[in-house]
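What follows is a single structure, written as structure tokens, with notes after it.
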There are 2 protein chains.
Amino acid sequence: MYNKQKEVKANLEYLRKLFIMPDSPDKFIEFGHELLEMIHDFFQEKGGIHSAITLPELSEIFDQTAVPDRPHLIKDVLSEIKDKVTAHSVKVGNPYYIGHMISAVPYFMILMEMIIAALNQNQVKIETAKASSFVERELVAWFHRLIFNKTEKFYQRHIQNPRVALGNVTSDGTIANLTALMVAREKAFPPDGDFPGIRAAGVDRALRHYGYARGVVLVSTRGHYSIKKAANMLGMGEENVLNIPVDEHNRMDVRRLHRRIEALKEQSGEERTKIIAIVGIAGTTETGNVDHLQKLGKAAREVGAHFHVDACWGGAALLVDEYRDLFKGIEGADSVSIDAHKLLYCPLSMGLILFKSERDLNHLMQAANYIIRRNSVDTGRFTVEGSRPFACLKPWASLKIIGREGYGLLFKSAKQNTDSLREILDGCGNFEVLNLPELFILNYRFIPQSVKKQLYEWDRAKKATRDRQKVKALEKNIRKVNHIVNALNIKLHKALRRDDSTFVSRTTLESTRYRPQNIVVLRAVLVNPLTDKAILQEIVDTQNRIGQEIWKEFKAAYQRILKEPVPGKRRKAQG
Amino acid sequence: MYNKQKEVKANLEYLRKLFIMPDSPDKFIEFGHELLEMIHDFFQEKGGIHSAITLPELSEIFDQTAVPDRPHLIKDVLSEIKDKVTAHSVKVGNPYYIGHMISAVPYFMILMEMIIAALNQNQVKIETAKASSFVERELVAWFHRLIFNKTEKFYQRHIQNPRVALGNVTSDGTIANLTALMVAREKAFPPDGDFPGIRAAGVDRALRHYGYARGVVLVSTRGHYSIKKAANMLGMGEENVLNIPVDEHNRMDVRRLHRRIEALKEQSGEERTKIIAIVGIAGTTETGNVDHLQKLGKAAREVGAHFHVDACWGGAALLVDEYRDLFKGIEGADSVSIDAHKLLYCPLSMGLILFKSERDLNHLMQAANYIIRRNSVDTGRFTVEGSRPFACLKPWASLKIIGREGYGLLFKSAKQNTDSLREILDGCGNFEVLNLPELFILNYRFIPQSVKKQLYEWDRAKKATRDRQKVKALEKNIRKVNHIVNALNIKLHKALRRDDSTFVSRTTLESTRYRPQNIVVLRAVLVNPLTDKAILQEIVDTQNRIGQEIWKEFKAAYQRILKEPVPGKRRKAQG
């Protein structure tokens, strides 16, 4: 079918016309209609979130190993995209898709993308991005203020001050976190006498000059993998990201942080360790919880470390006053990262990194004769990336069109959906909620009611006895049953993927009530404003129906555990 | 004016409707018309490339220090964008704008951006990007083949093989180069016995384990600043980017490379140096020239270094057979970076990094339970970034719509424009062309004909004599005159920016016929297919007219130099 496309003979006049916006909008609108239809088709079907096509089948569709020689008509390529690409894309905007942090985007975002592409500004340099450089700075100031809330005078002085940068617009949160840790590293090993600083001299000479064996970054076990990636990239070594365990609400255990810090301080001589940064999370990717930012900030200041808050997921909630309490202490951070393609509902992808001190990004300042002269006003002096699109137009316009009030309503809807899902799961009985949801993420698992009761009973019995042997036997039973339920939930998740009418994601946590045992959980991210209670009920019903089906395969194994003797008096097992 | 926008009371029903594509295309087309008009206005004016508004004036337009509270109507925000942003954007698509690597983009790219935003796939993971992951792999294979030209069997085996990656789609060329050097670093210091590799252990332990004082990267003085940035980021230190001088055609001087390598080899004990990578350029950002890739590759293999080719600018020319010779030896590279927003005429921004060995990117392989499981097929296992947009659709579609043939015609037009500009400059007499243009970039300067003749005469006289004193005096004169002409060209460039009807960029080179003296040059990048000979004539006429005006201010200083005595017989000075 795709080979039937009409090949056209290349000719320069035809090509040049492609570079000119059609004079009458007819042509554009002709394609626009076609696109709109394509987009409608895509959104309107309910089922088939991931499309039924298998990955091997897709491999066969996209198997052309060489670039096409001849030009093809735009309309043919559009219909190829419709048949091959759009038809087999993931319906991330579908209200039944509640598994990842991306969801529906407002349709005006498409208009913004049109403007961005038509203007095609390159943010690296004022010669290639004029007003757009100022838009970027304005947006950065807005978020700086939301987080750090300095004086009006501070913002008036710096909002368009080209000698400093209050932050960068990045391609995503990973690069935002990388930028933060890069600044932290430069600040930890600055120029000193003959030593030109880590930037010029590298990690090895920096550690030697300052008499350290290593530099470390402390983050909870919920830390996003980009922190480890950054430590690798920055030459500190992945081993030097030290993960502090979390409490049962998925927040860094502050006592254990202090214990770890004390242990690091005691290291001396050849083991002497520099704490480059402490990273707080607001909220965690897996569970949506927020660290005790105030306490973490205090700890960071005590040891002279950079305090970075990874708020890629939750940061945008600062737009709404009622969430400020949750983020208490974020104003004490040295840097904060936020993603626009998450709670700001922008299309992929854009991150933000904000620095409390307007001078921090000067540590990264760079120049090149041909592109960003030292005394220029070019934004590219401060960024990790080089060429960058005018992506900031999207959140800038969206904050005007939706406003803080509007975002408040969107987050309220997300909160209601989170609460609703929890109620529906509790009401069903065959599920167990496993986190305290703070920012629209709920972890839970399928577990038949009787099995859940049995686990709770064993847990009560364990707490009621002092018989060590009995405790051990009960713990062993709990572990074994959880092992079965883990397998059940993996199987359920795979079956849900095959069913494909709804979608949640899946992860493994060690921070539930069964800690330290790893528990497989289903993970719902409830931010799509088109999702409602009725839809959530349908999603849970589907999971319950398929879950009960699959449980049949596990029942025998479960019953074998029940028959194992537990020392001491034992109640009748259920289920 | 902007304060007159209507604020609307936020309500969830209104907001939810924003997330649904309008059922009838009317609404969309209403905005589409408005947008189209906006875009037309923007492109149709000839003059005012950067808009007359000053930067302080722009600072006053974009001075809102806080996020808007209330929602605003989409149409109001669109007209605000029209008045404040579009009106003051840089007309990078204007055919009189020939100063940077971005130019016009075909209008179908706007359709592609609409599709990308509507689908909103996140390339990090198959659960958020299904067909789009396969599109990305297909595109990567196309470029891998263009560069490395392995067997059809190789591509059939790996084009959709999820266990490896032939390359990554990145946010830009800087991240592409960073990815290459990161892989080079991991390969230079791999796991070995108890040593877990540089990735886990960091730069410091890696150097110690392998007994090196430092790791270095060799690149010519034309190297893009992203190489230095990467060395900083990767913890190697900017000092350890060793710049090899170029010949007068802006190619790395291979003899000096070998001399440098020999000197590095001689370092031992506490100075022992590991050559991590040799970087070749194809073509250079400032001059568009291509290094002797074959010779550089040979040198890299001899010292066991990774050979990276930064082809961000020129790489796409491989689409056209007649350019293959220029890139001879690129097939011997270990990695090659290419930007889609340069010679592929895509909107900003997208880079590509290709690795000859399908196993190289496994050095970066990472995993996280909740997002990219180890045994998954997720593209995010290999990338520096985390969340990534479906940007690859743009070059993928463009290579179909334009085809290799079409790109051939576009490059032919770029070549013709480069040749035309050269002829026009030579014909005028008051300009001096200062590079051998290979890939559509021309460096030149304004210099009154008589002054140019005088410089050439001194140069001839210098070569004709053996009188050391005379040579010195002549060289001094040449230097002094160049000093004046440098100042003239800086002033001219600023005046052209004020005139604002045409645009070229400006840089400083030490590789011209006046080496080692730094020469200020104007830099034209001739890739816009809407630019033609008549337009180039106008651009040169403008520069000539303004240049002659400004020369009057410099004439007296020039004449003072002419009056200085040169030992020996001296001809009458001209001008």
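Within the range B:543-562, not a single residue is away from every other protein chain (no Cβ under 12 Å), in contact with a helix residue (DSSP H, G or I) (Cβ under 7 Å, 6 or more places away or on another chain) and part of a strand (DSSP E or B).
If residue A:426 meets every condition in (1) closer than 30 Å to residue A:342 by Cα; (2) in contact (Cβ under 8 Å) with a residue 24 or more places away in the chain; (3) more than 24 Å from the chain's Cα centre (by Cα) apart from one, which number is that one? Only one criterion is unmet by residue A:426, namely (2). With the requirement that a residue be out of contact with any strand residue (DSSP E or B) (no Cβ under 8 Å at 6 or more places or on another chain), part of a helix (DSSP H, G or I) and in contact (Cβ under 8 Å) with a residue 12 or more places away in the chain, what does the range B:266-297 give you? Selection gives B:270, B:271, B:294, B:295. Are any residues in the range A:508-537 assigned to a loop (DSSP other than H, G, I, E, B), of a type in the set (D, E, K, R) and closer than 26 Å to residue A:251 by Cβ, and if so, which ones? The answer is A:510, A:513, A:515.
Number of residues in the range B:212-265 that are touching a residue at least 40 places away in the same chain (Cβ under 8 Å) and among the basic types (Lys, Arg) equals 5. Tallying residues that are among the basic types (Lys, Arg) and under 19 Å from residue A:102 (Cα atoms) within the range A:499-522 yields 1.
Of the residues making up the range B:414-433, those that are farther than 18 Å from residue B:320 by Cα and surrounded by fewer than 23 Cβ atoms within 10 Å (Cβ to Cβ) are B:419, B:420, B:422, B:423, B:424, B:426, B:427, B:428, B:429, B:430, B:433. Picking from residues in the range B:515-539 that are away from every other protein chain (no Cβ under 12 Å) and surrounded by fewer than 22 Cβ atoms within 10 Å (Cβ to Cβ), the one that is farthest from residue B:443 (Cα to Cα) is B:534. Considering every residue within the range B:128-144, establish whether at least one is facing chain A (nearest Cβ under 8 Å), buried (at least 24 other Cβ atoms within 10 Å of the Cβ) and at positive phi. Taking every residue of the range B:128-144 in turn, none turns out to be facing chain A (nearest Cβ under 8 Å), buried (at least 24 other Cβ atoms within 10 Å of the Cβ) and at positive phi.
Of the residues making up the range B:324-342, those that are away from chain A (no Cβ under 14 Å) and either touching a residue at least 24 places away in the same chain (Cβ under 8 Å) or in a strand (DSSP E or B) (or both) number 11. Screening the candidates A:462, A:555, A:476 for the property of being touching a Leu at 6+ places or on another chain (Cβ under 8 Å), in the same structural domain as residue A:420 (by TED's automatic domain parsing), among the basic types (Lys, Arg) and without any contact (Cβ under 8 Å) to a residue 40 or more places away in the chain yields one hit, A:462.
Among the conditions (1) facing another protein chain (nearest Cβ under 7 Å); (2) more than 23 Å from residue B:383 (Cβ to Cβ), residue A:187 misses just one, which is (1). Scanning the range A:145-171 for residues that are within 9 Å of another protein chain (Cβ to nearest Cβ) and touching a Phe, Trp or Tyr at 6+ places or on another chain (Cβ under 8 Å) yields A:145, A:159, A:160.
For the range B:149-191, which residues satisfy the criterion of being more than 17 Å from residue B:362 (Cβ to Cβ) and of a type outside the set (Val, Ile, Thr)? Correct list: B:149, B:150, B:152, B:153, B:155, B:156, B:171, B:172, B:173, B:176, B:177, B:178.
The set of residues from the range B:167-194 being in a helix (DSSP H, G or I) and among the charged types (D, E, K, R) comprises B:185, B:186, B:187. Looking across the range B:190-239 at every residue that is within 7 Å of another protein chain (Cβ to nearest Cβ) and of a type in the set (Gly, Ala, Ser), the one that is surrounded by the most Cβ atoms within 10 Å (Cβ to Cβ) is identified as B:235. Sort out which residues of the range A:50-91 are within 22 Å of residue A:35 (Cα to Cα) and touching a His at 6+ places or on another chain (Cβ under 7 Å), and write them in order of number. A:51, A:90, listed by residue number.
Could we say that residue B:444 is in a strand (DSSP E or B) and assigned by TED's automatic domain parsing to the domain that holds residue B:539 here? Judged against the criteria, residue B:444 is a match. When the range A:360-413 is filtered for residues that are surrounded by fewer than 24 Cβ atoms within 10 Å (Cβ to Cβ), part of a loop (DSSP other than H, G, I, E, B) and hydroxyl-bearing (Ser, Thr, Tyr), the ones remaining, listed by number, are A:370, A:376.
With respect to the stated conditions, residue B:201 fails to be at negative phi and under 29 Å from the mean Cα position of the chain (by Cα).
The single residue among B:428, B:392 that is touching a helix residue (DSSP H, G or I) at 6+ places or on another chain (Cβ under 8 Å) and within 11 Å of chain A (Cβ to nearest Cβ) turns out to be B:392.
The values are calculated or read from the model by the stated rules, or taken from the named source; none is laboratory data. All values reported here derive from a predicted model rather than from experimental measurement. All Cβ positions, even for glycine, are placed from backbone atoms using ideal geometry, and neighbour counts span all protein chains on display.
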